[in-house]
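Structure first, commentary second.
Derivation of every value follows stated rules applied to the coordinates shown; laboratory data play no part. Everything numeric in this text was worked out from a predicted model, so none of it was measured. Cβ placement follows ideal geometry from the backbone for every residue including glycine, while neighbour counts extend to all protein chains displayed.
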Amino acid sequence: MDKIDRAIIKILQSDASTPLEKIARAVHLTPTPTWRRIQKLEAAGVIERRVALCNPEKLGVGVTVFVAVKTAQHNAQWLDRFARGVREIPEVLEFYRMSGEIDYLLKVVAPDIRGYDAVYKKLIKVAELSDVSSSFAMERIKVSTALPVDYA
């Protein structure tokens, strides 16, 4: 991946709907080689997909909750059941297996505390958990989906 590819990725991460001609001008290429580069980045899995980022408040899910989960179960069957169940909860936006004191960390959106409580009740039905700790985000200070490209 060269500096032109990285520039293309920066543009697409900022706005995936940027017209091809505008991207080409920005990277000092014509549209055809720019399009070929984008196709290669997609084929290589560098660009996984193009999405629309929506405003959570306008969609009625303005409360963000970080949920730390601990479990006494550490086997493949339990993890498979838990992961399947969590994937089926649409309010869970991100789900990570962690190192350290907590086993799993989830990023959840909900309309309010009552809405989060409904998500919590779904979560505890999925699998046996030894501890669930919820932290409500008070303010969104930085939110980005753009990855740094200088390491590629």
Checklist line | Selection of trypsin sites (Lys or Arg not before Pro), the range 30-100, meeting DSSP coil and at most 13 other Cβ within 10 Å | finding: R49, R50, K58
Notebook entry, point to check: Within the range 43-110, which GluC sites (Glu not before Pro) sit in a loop by DSSP and count at most 15 neighbouring Cβ atoms inside 10 Å?
Noted result: E48, E57, E88, E101
Next item on the list: Just tell me which lysines come within less than 30 Å, Cα to Cα, of K3; anything on the same chain fewer than 8 places away is out.
Entry: K22, K40, K142
Check: the range 63-136: percent of C-alpha pairs farther apart than 15 Å?
Finding: 49
Check: Running Debye on the chain with equal point scatterers at the Cα sites and no solvent, what base-10 log of I(q)/I(0) appears at q = 0.15, 0.16, 0.18 Å⁻¹?
Finding: -0.89, -0.94, -1.03
Notebook entry, point to check: Along its principal axes, what span do the Cα atoms of the range 1-49 show, with the longest given first and each in whole Å?
Noted result: 24, 19, 17
Notebook entry, point to check: Which ³J(HN,Hα) values in Hz, rounded to whole numbers, follow from the phi angles of the range 64-73 under the Karplus curve 6.51 cos²θ - 1.76 cosθ + 1.60, where θ = phi - 60° and Gly and Pro get x?
Noted result: 10, 10, 9, 10, 9, 10, 10, 9, 8, 8
